[in-house]
Amino acid sequence: MSLGSHIVLPNVRKFFKPDPGYILFDVDLAGADAQIVAWEANDEPLKNAFRAHAAGKGPKVHCVNAISIYGNLAGPDGKTDPYYSRAKAGVHATNYGAKARTLSAALACSLHDAQRFQDKWFSEHPAIAEWHERTLYNLTRYRQVRNAFGFVRTYFDRLDNLLPEALAWVPQSTVAIIIDTAYNRITETLPDVDILLQVHDSLVGQCRISEWPRLKPRIRECLHVVVPYDDPLVVPTGLQTSTLSWGDVKGESWDS
């Protein structure tokens with residue numbers, strides 16, 4: 001449907017409805033990739049920011065990062081756009097090895113501003129730069145990277161441009177293992193739950209409305225997957241539900 005120069009697209013998720021008498025749930029790993037980067041790098045300030053937010057005692061880590069990089073421009077809560085969005089996108093790209101020129105294009109800013117962004121980030125979080133150096137060393141010497149679960153990826157291509165790919169593989173593969181583990185636990189132990197869809201860091205499923213109070217805490221238990229770092233990590237999960245459609249899901253507390 002066209003409204004002037006704008007095109008309004010339908011919410012296609014509304015086409016996906018639970019069976020009659022069923023409730024649809026959508027669970028996702030909140031900020032999983034960014035948390036795994038923090039734990040891989042053993043970046044204590046980032047880890048503390050994630051812990052504080054999970055405990056309800058601090059803002060999202062992207063708000064913390066926005067304030068750190070942009071100062072007062074990001075507002076007292078770090079949510080003033082475009083600074084929140086730029087911080088989120090810029091930190092993610094920088095963590096995964098993007099150079100200043102790539103970051104400049106991604107953030108639609110000058111090369112100077114992109115370089116200043118990265119210099120600020122690495123000065124605030126030197127552990128991230130050290131993680132990059134360790135990863136590059138492993139690539140150069142062994143042509144391998146390893147995640148916390150012990151899975152290894154070996155590279156046979158030229159090493160020139162492999163660092164961003166290797167940096168991304170570690171958190172992305174770890175997230176995949178977490179969500180796959182949860183998926184297997186649910187399908188093996190909860191026959192009354194139908195898993196309908198698995199995405200990178202989320203699961204969509206359904207169960208009978210009458211069974212939801214009983215199954216909800218058990219689904220949460222299945223999602224409690226420990227990543228075996230020296231400082232063990234459990235990525236928090238968000239929950240949304242609806243009896244109407246996937247497009248109508250709303251946030252629901254695990255404790256209610």
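The values are calculated or read from the model by the stated rules, or taken from the named source; none is laboratory data. Predicted model, so just to flag it, every value in this text is computed and none were measured. For neighbour counting, all protein chains shown are included, and Cβ atoms are generated from backbone atoms with ideal geometry for every residue, glycine included. What goes into the accessible areas is simple: the full protein's heavy atoms, side chains included, and nothing from ligands, DNA or RNA. Shrake-Rupley method; radii C 1.70, N 1.55, O 1.52, S 1.80 Å.
Just one of the numbered conditions (1) within 21 Å of the chain's Cα centre (by Cα); (2) more than 15 Å from Lys60 (Cβ to Cβ) is not true of Ser104: (1). Checked against the criterion of being open to solvent by 60 Å² or more (accessible area, probe 1.4 Å) and of a type in the set (Val, Ile, Thr), the candidates Thr154, Thr181, Thr189, Thr174 yield just one match: Thr189. When only residues in segment 140-151 that are in a loop (DSSP other than H, G, I, E, B) and not small (Gly, Ala, Ser) count, which is surrounded by the most Cβ atoms within 10 Å (Cβ to Cβ)? Per the criteria, the residue is Asn147. Inspection of segment 60-82 identifies at least one residue that is in contact with a Gly (Cβ under 9 Å, 6 or more places away or on another chain), basic (Lys, Arg) and surrounded by 14 or more Cβ atoms within 10 Å (Cβ to Cβ). Filtering segment 17-51 to residues that are more than 30 Å from Ala166 (Cβ to Cβ) and not aromatic (Phe, Trp, Tyr) leaves Lys17, Pro18, Asp19, Pro20, Gly21, Ile23, Leu24, Asp26.
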